[in-house]
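> Below is one structure. I have some questions about it.
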Amino acid sequence: MMDYGKIIDAIYRDLNTWERTGKVADYIPALAQVDPQHFGISVQLLTGESFHIGDTLKPFSIQSISKVFTLAMVFHHLGEDLWKSVGREPSGTPFNSLIQLEQEAGIPRNPMINAGALVVTDRLLDDWKNPKEELLSFVRCVSGNPSLSYDFGVANSELANSDRNRALAHFMKSYGNIHNDVNDLMDVYCHQCSLQMNTRDLAKSFQFLVNRGVNPWTGNELLTLSQAKRLGAVLMTCGFYDESGDFAFRVGMPGKSGVGGGVVAYIPNVLSIAVWSPALNPHGNSTLGIEALERFTTLIGNSVF
């Protein structure tokens, strides 16, 4: 049997001696204060076993990883109609870029860049009376942790520094692709990004994707088998912004990153793994997180390929 504990222990001990290249996300003041030396790895098997090393109990802001949860909720609710409003192609541009929107009539390339995530969150406002409460309930359910919450300090910091995201939302609203008031949308979106989790919570929260759409903690179907496959494909091709192709090449797992330094990925029917290291590379992805995941799939000899 694979000794996952020994494998992540070796990865952690080697990488923990590395210099933390990159920098924390200082364009969000609340994130600029995070210690870049934090590092933790958690592996969650579908069998229920888990393995942890490092700062795995320290909560952090998951930021864009939250896009996976809103996408799962909205995709399950709207089905294929969702793709009339947002594409499924890699963007090849930074996560907060406005470049492609005018050329493509306000339809974002994919739901993992900020413009696409804003459209998905807008649809959450369309169909849920209390979207912040419903999203929090969903995340608590998939993580198995009923105490998870928003980091209101981070949410307020993001709201105060949300000019570019507001620009994206207003621009798409001019094309009719944002339905709700932009202030209401930004409130939900910034709270969504401020969700606090640790690596243990995060690894567990992706188990419904490991289990092909069924929440293993409750047995409830959150996505159909087809939807789980399609969401996984979006994560594989778009989950790491304009580094997604390189991540697929190096790591070989669908996953998602966030500028809070979290990275989470999974192998269907086997496991999910979450890494936290706040120092980011120029693409906005955790430098140590990407390296740790590459080493992990190499050492276990397994990926989706």
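Just so it is clear, none of the values below were taken in a lab; they were calculated from the coordinates. Everything quoted here is computed from the prediction, not taken from an experiment. Methodologically, a virtual Cβ is constructed for each residue, glycine included, from the backbone with ideal geometry; neighbour enumeration extends over all protein chains shown.
> Pick the calculated mean projected area of the Cα convex hull in nm² for this structure from (1) 17.1; (2) 14.9; (3) 13.8?
(3)
> Right, here's the next one. Based on the Kirkwood radius over alpha-carbon pairs, what is the Stokes-Einstein translational diffusion coefficient of segment 94-170 at 25 °C with 0.890 mPa s viscosity, in µm²/s?
Values: Rh = 14.2 Å.
Rounded to a whole number, D works out at 173 µm²/s.
> Which lysines have a Cα lying under 24 Å from the Cα of Lys23, excluding residues fewer than 8 positions away in the same chain?
Lys58, Lys67, Lys256
> Setting aside same-chain residues fewer than 8 positions from Lys173, which lysines have a Cα under 18 Å from its Cα?
Lys84
> Here's something else I'd like to know. For Lys204, list the aspartates and glutamates whose Cα falls under 18 Å from its own Cα; do not include residues on the same chain fewer than 8 positions away.
Reachable aspartates and glutamates: Glu49, Asp55, Glu221.
> Something else: Just to confirm a number: summing +1 for Lys and Arg and -1 for Asp and Glu over residues other than Gly262 whose beta-carbon lies under 14 angstrom from that of Gly262, what do you get? Mind dumping the intermediate values first?
Numbers: positive: Lys58, Lys67, Arg200, Lys204, Lys256; negative: Asp55, Asp151, Asp201.
Net of charged neighbours comes to +2.
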